[in-house]
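Accompanying notes for the structure given below.
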Amino acid sequence: MVTRRVRTTRTTTATRSRRKPGGLAKAATLLPLAIGLAANMNTSGVKRPQVTPAAIVGQTCTLPFDAIKQSHSIDTSCPAGGTATSSAQAAQNEAKNNFCASGAPANLTFDHFPQLQRAAENAGIPFGNDANLPPDRSVLHDLLPLSGSQKVGEGSVVRFAAFVMDAHYSNVSKGESVNCKHSGIENNDIHIVLGQNAVPLGQKPTPEQECASVTAEMSPHFRPDAWTPNNLNGNNAHMYRFTGQLFFDAAHKPCVGGTGPNPKRIAIWEIHPVYAVDIFVATANNCTAGNDANWVPLDQFVGGEPPTTETRLKPLERDWVMFGASVQAHN
């Protein structure tokens with residue numbers, strides 16, 4: 001018998017409070033723009049790099065999980081492009097930080113991910129490492145036809161039901177480019193290994209199981225309190241449903257013939273970033289992604305107590321002070 005523990009999410013007062021920035025904050029917001037315009041003025045006829053404000057993650061739309069979001073230091077210290085060293089890597093980082101994909105979610109199964117992988121390879125889309133990223137990511141859109149006229153590709157909103165075989169914070173020692181190389185669990189993704197069968201609590205999946213898995217990633221930006229590896233791993237007898245953006249992680253390679261480099265998975269297509277996560281509460285795990293019966297949001301299932309390992313910030317309004325500028329040279 002499955003015990004259902006549905007509680008209302010509690011949120012700290014500091015998290016929910018809002019304060020409107022005063023004149024100094026608004027002036028500071030306009031200052032980088034003025035500097036950028038001045039830097040782009042060409043009075044000598046010499047071509048100069050164009051300075052554009054760094055994009056702030058989550059500022060161009062309402063977050064899919066806006067009701068339970070939590071503010072973290074990375075939200076205002078790392079732009080959408082991260083610390084990219086090339087235009088292709090900047091585009092990939094911005095895709096990883098896309099919280100604004102829209103439309104009715106397409107329901108995917110495990111079979112769709114190798115199909116997506118073959119479609120990308122057949123289209124000649126480069127992948128494999130940071131030096132071999134797609135220069136144009138628009139070719140990844142609408143790559144795989146589904147039923148009727150529906151197609152999916154990078155930027156599509158998808159839903160996927162599976163068991164969590166493992167969830168852990170990744171790249172915590174040195175960070176990664178998308179998260180500005182910040183270290184620590186609060187500043188890095190939660191990597192989630194999704195399988196067709198449950199793994200006993202406390203055990204890790206075998207390499208063979210990982211090679212048949214699908215990946216989901218929870219971004220550190222505005223990550224809700226209840227979205228933790230402990231909550232995901234601790235309830236892994238239940239099936240989960242992940243909703244999010246479909247993303248092509250071109251910096252890696254998939255498994256081939258049951259073996260492959262880390263992270264091992266059946267395809268380098270991911271649900272990244274995660275927009276919502278639900279847990280199935282019926283006794284039998286006879287669920288599908290497209291049927292909403294017996295799915296409960298994870299935060300309601302476990303409650304919303306803040307983890308002691310993460311800090312809480314008081315978020316400002318959307319006219320935050322811009323925290324940097326990226327330089328793009330014109331030919």
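Under the condition of being touching a Lys or Arg at 6+ places or on another chain (Cβ under 8 Å) and assigned to a loop (DSSP other than H, G, I, E, B), which residue from segment 174-185 is surrounded by the most Cβ atoms within 10 Å (Cβ to Cβ)? I'd like the intermediate steps shown before the answer.
First pass over segment 174-185, keeping only residues touching a Lys or Arg at 6+ places or on another chain (Cβ under 8 Å): 174-175, 178, 181, 183.
Still in the list and also assigned to a loop (DSSP other than H, G, I, E, B): 174-175, 181, 183.
Details: LYS174: 9, GLY175: 21, LYS181: 15, SER183: 13.
Only one residue tops the list, namely GLY175.
So how many residues does segment 186-233 have that are closer than 24 Å to HIS112 by Cα, open to solvent by less than 20 Å² (accessible area, probe 1.4 Å), assigned to a loop (DSSP other than H, G, I, E, B) and hydroxyl-bearing (Ser, Thr, Tyr)? Residues flagged as closer than 24 Å to HIS112 by Cα, open to solvent by less than 20 Å² (accessible area, probe 1.4 Å), assigned to a loop (DSSP other than H, G, I, E, B) and hydroxyl-bearing (Ser, Thr, Tyr) within segment 186-233 amount to 2.
Beta carbons closer than 7 Å, at least 6 apart along the sequence or on distinct chains, pair a first residue in segment 117-141 that is in contact (Cβ under 8 Å) with a residue 12 or more places away in the chain with a second that is in a helix (DSSP H, G or I) and open to solvent by 60 Å² or more (accessible area, probe 1.4 Å) for ALA123/VAL139; ILE125/VAL139.
For segment 64-96, which positions are touching a residue at least 40 places away in the same chain (Cβ under 8 Å), part of a helix (DSSP H, G or I) and of a type in the set (D, E, K, R)? The answer is ASP75, LYS96. Of the residues making up segment 177-191, none is farther than 29 Å from LEU63 by Cβ and small (Gly, Ala, Ser).
Taking into account only those residues within segment 125-140 that are out of contact with any Pro (no Cβ under 9 Å at 6 or more places or on another chain) and either under 13 Å from ALA91 (Cβ atoms) or of a type in the set (A, V, I, L, M) (or both), which is surrounded by the most Cβ atoms within 10 Å (Cβ to Cβ)? Applying the filter and picking the extreme gives ARG137. Taking the criterion of being of a type outside the set (Ser, Thr, Tyr) and either more than 28 Å from LEU140 (Cβ to Cβ) or touching a strand residue (DSSP E or B) at 6+ places or on another chain (Cβ under 8 Å) (or both), the residues of segment 64-94 that qualify are PRO64, PHE65, ALA67, ILE68, GLN70, HIS72, PRO79, GLY81, ALA90. There is at least one residue in segment 264-285 that is closer than 16 Å to ALA106 by Cα and of a type in the set (Gly, Ala, Ser). In segment 274-288, the qualifying residues are those that are over 19 Å from the mean Cα position of the chain (by Cα) and open to solvent by less than 40 Å² (accessible area, probe 1.4 Å), and the one that is nearest to PRO114 (Cα to Cα) is CYS287. For segment 145-172, enumerate the residues that are of a type outside the set (Gly, Ala, Ser) and open to solvent by less than 20 Å² (accessible area, probe 1.4 Å). Within segment 145-172, VAL152, GLU154, VAL157, VAL158, PHE160, VAL164, MET165, ASP166 qualify. Checked against the criterion of being polar (S, T, N, Q) and in contact with a strand residue (DSSP E or B) (Cβ under 8 Å, 6 or more places away or on another chain), the candidates THR259, THR288 yield just one match: THR288. For the residues LEU194, LEU146, the requirement of being without any contact (Cβ under 8 Å) to a residue 60 or more places away in the chain and within 17 Å of the chain's Cα centre (by Cα) singles out LEU194.
For segment 187-202, the tally of residues that are closer than 29 Å to GLN70 by Cα and at pLDDT 95 or above stands at 9.
Count of segment 242-273 residues, restricted to those that are out of contact with any helix residue (DSSP H, G or I) (no Cβ under 9 Å at 6 or more places or on another chain), surrounded by fewer than 24 Cβ atoms within 10 Å (Cβ to Cβ) and either small (Gly, Ala, Ser) or assigned to a strand (DSSP E or B) (or both), is 1. Within segment 97-118, being open to solvent by 20 Å² or more (accessible area, probe 1.4 Å) and in a helix (DSSP H, G or I) holds for HIS112, PRO114, GLN115, ARG118. You will find that of PRO229, PRO205, the residue that is farther than 25 Å from VAL296 by Cα, at pLDDT 95 or above and not polar (S, T, N, Q) is PRO205 and no other.
The values are calculated or read from the model by the stated rules, or taken from the named source; none is laboratory data. These figures come from a predicted structure and were not determined experimentally. Quick reminder, even Gly has a Cβ in these numbers, built from the backbone with ideal geometry, and neighbours come from all protein chains shown. The area values use the complete protein model at the heavy-atom level, side chains included, leaving out ligands, DNA and RNA. Shrake-Rupley method; radii C 1.70, N 1.55, O 1.52, S 1.80 Å.
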